[in-house]
1. Taking neighbour Cβ counts within 10 Å as the exposure measure, how do B:H34, B:H98, A:H71 sort from fewest upward?
2. Give, to the nearest whole percent, the P(r) tail of the range A:5-73 beyond 18 angstrom, counting all Cα pairs.
3. State which stretch of chain B is the longest one without any exposed GluC sites (Glu not before Pro), exposure meaning a DSSP loop state and at most 14 other Cβ atoms within 10 Å.
4. Mind computing the radius of gyration and Dmax over the alpha-carbon atoms of the range B:53-115? Å is fine for both.
5. Once the Cβ-Cβ distance between B:E3 and B:L126 is put in as r, and R0 is 25 Å, what FRET efficiency do you end up with, to the nearest 0.05?
6. Take every Cα pair under 8 Å in the range B:100-159 that's 6+ residues apart, average their separations, divide by the length, and report that relative contact order as a whole percent.
7. Once you keep just the Cα pairs under 8 angstrom separated by 6 or more residues, what percentage relative contact order results for chain B?
8. Give me the lysines in straight-line cross-link reach of B:K93: C-alpha distance below 29 Å, same-chain residues under 8 apart excluded.
Amino acid sequence: MNADKVLDAKGLACPMPIVKTRKEMKTMNTGEILEVQATDKGALKDFQAWAKSSGHELLGTNESDDVLTFHIQKG
Amino acid sequence: MSEQKKTNIILFSGDYDKAMAAYIIANGAAAYDHEVTIFHTFWGLNALRKDEPIQAKKNLLEKAFGKIMPRGPEKMGLSNMNFMGIGPKLIKKVMKKHNAMPLSDLIEMAEEQDINLVACTMTMDLLGLDKAEMRETSEYAGVAAYLAEAEDGGVNMFI
C-alpha cells in the first residue's frame with residue numbers, strides 16, 4: 001500500500017503512538033494515507049478505536065516481527 | 001466529526017503512579033481531540049509545583065507543609081511499594097527500559113497538547129501553596145469551574 005507519509009513510532013509506549021499519530025495527521029490532507037509503525041502491543045486495539053472515533057479510516061493492519069503497521073486514511 | 005467531546009479528570013492524589021495514570025489518560029484523550037482538563041486538588045496540586053525552591057510569603061505552618069510535600073512530580077512517592085523512596089527509583093528504571101514517559105515529560109506533553117491544568121485555589125490555601133510555586137501554565141479555579149466543564153463532559157474521573 002502506498003502511503004503519503006510514514007511515522008515511525010517503534011519503541012514508544014502508551015500513549016505516545018496515538019499522540020504522535022494525531023499530530024502527524026493534523027499536517028495531512030483529507031484522503032491522504034499515513035503509515036504508522038508501532039511496537040506497543042496495545043496499539044492494535046488503540047488504533048482501531050482511535051480511527052473510528054476520530055473519523056479516519058483504518059485501511060489495514062499488518063503484523064510482522066513484533067512490528068505493527070497501520071495504514072490510516074485521513075477522514 | 002460531531003461536536004468536541006470533553007474529558008475531565010480530578011487529580012486528588014499526590015502519588016506518582018496515580019498521577020501518571022491521570023496524565024496518560026489526559027494525553028490520550030487530547031489525541032482523541034477531546035478538550036481535556038485536569039483539576040488538581042489537595043495532594044494532586046504537587047504535580048504542578050516547580051521543582052526549584054521558590055521564595056513566597058508564608059507563615060510557619062505553610063512553610064512546613066511546603067517542605068514536607070513533594071516539590072514537583074519527580075519527588076512524588078508511589079501509592080504502593082514506596083519503600084521509603086526506593087520504590088520510585090526502581091519503577092523509573094523499569095519505565096526507562098520500557099520507554100514509558102516519566103511523569104514530568106507527560107506533564108510537558110499535556111502542556112504541548114493544550115490540556116487545561118487547573119489548580120484548586122481553596123486547597124492551595126489550605127496547603128499553603130503560592131501561585132509563584134506553580135507551573136506558569138497553571139490556571140486557577142474552584143468547584144464551579146469544574147462542574148461547568150463536567151456537566152457536559154463525556155469522560156469524567158476522580159483519581
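Computed from the coordinates by the stated procedures, all read-outs in this text should not be read as laboratory data. On a predicted model such as this, the values are computed, not experimentally measured, just so you know. No Cβ is skipped: glycine too gets one built from the backbone with ideal geometry, and neighbour counts run over all protein chains shown.
1. Values: B:H34 20, B:H98 10, A:H71 17.
With the fewest neighbours first, B:H34, B:H98, A:H71 line up as B:H98, A:H71, B:H34.
2. Numbers: 562 of 2346 pairs.
Here the long-distance tail beyond 18 Å is 24 percent of all Cα pairs in the range A:5-73.
3. B:4-135
4. Rg then Dmax for the range B:53-115, in Å: 14.9, 43.
5. On the way: r = 37 Å, r/R0 = 1.47.
That pair, B:E3 with B:L126, gives E of 0.10.
6. On the way: 25 pairs, mean separation 19.4, N = 60.
Answer for the range B:100-159 is 32 percent.
7. About 38 percent, as a whole number.
8. A:K10, A:K20, A:K23, A:K41, A:K45, B:K18, B:K50, B:K67, B:K75
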